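Reviewing the structure listed below.
The values are calculated or read from the model by the stated rules, or taken from the named source; none is laboratory data. None of these values were measured; they are calculated from a predicted model. Cβ sites come from the backbone with ideal geometry, for glycine too, and all protein chains shown count toward neighbours.
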Amino acid sequence: MSLLQALRQLEEQNGYISATLLDQNGVTPSAYHFTKRFGTNARTLADLPPRTASDVMKAALKRKEEGRAIIGR
């Protein structure tokens, strides 16, 4: 599986991608690795839609309501 495929799969499974999720999921390399490899273009290169601040907040609220925490917390 390529790095970009891993990002797409993580987004599909969790509904979001974050540095913490990348660092703690146990499957993908660290967020640092993605940053070194792709810089700020990872979402674009993985063909994932851009996320606005309100999108991120809505997703966090939904996870909170569902009782889902970030992996490892």
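Summary table
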item	result
Subset of segment 17-40 (residues that are closer than 16 Å to Ala59 by Cβ, part of a helix (DSSP H, G or I) and not aliphatic (A, V, I, L, M))	Thr20
Sole exception among (1) surrounded by 15 or more Cβ atoms within 10 Å (Cβ to Cβ); (2) within 10 Å of the chain's Cα centre (by Cα); (3) at pLDDT 90 or above; (4) among the polar types (S, T, N, Q) for Thr20, by number	(1)
Residue in segment 2-16 that is within 11 Å of the chain's Cα centre (by Cα) and not in a helix (DSSP H, G or I) present	yes
Failed item, numbered, when Arg43 is tested on (1) in a loop (DSSP other than H, G, I, E, B); (2) within 11 Å of the chain's Cα centre (by Cα)	(1)
Residue tally, condition under 27 Å from Met1 (Cα atoms) and modelled with pLDDT under 85, over segment 31-62	2
Selection status of Asp47, of a type outside the set (A, V, I, L, M, F, W, C) and surrounded by 16 or more Cβ atoms within 10 Å (Cβ to Cβ)	no
Checking Ser2 against (1) modelled with pLDDT of 90 or more; (2) loosely packed, with under 10 Cβ neighbours inside 10 Å; (3) touching a helix residue (DSSP H, G or I) at 6+ places or on another chain (Cβ under 8 Å), the condition it does not meet	(3)
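Residues are listed down the side, and each one gets a yes or a no for (1) without any contact (Cβ under 8 Å) to a residue 24 or more places away in the chain; (2) exposed (fewer than 11 other Cβ atoms within 10 Å of the Cβ); (3) out of contact with any strand residue (DSSP E or B) (no Cβ under 6 Å at 6 or more places or on another chain); (4) not β-branched (Val, Ile, Thr):
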| site | (1), (2), (3), (4) |
| --- | --- |
| Gln13 | yes, no, yes, yes |
| Gln24 | no, no, yes, yes |
| Ala31 | yes, no, yes, yes |
| Thr40 | yes, yes, yes, no |
| Ala53 | yes, yes, yes, yes |
| Ala59 | no, no, yes, yes |
| Glu65 | yes, yes, yes, yes |
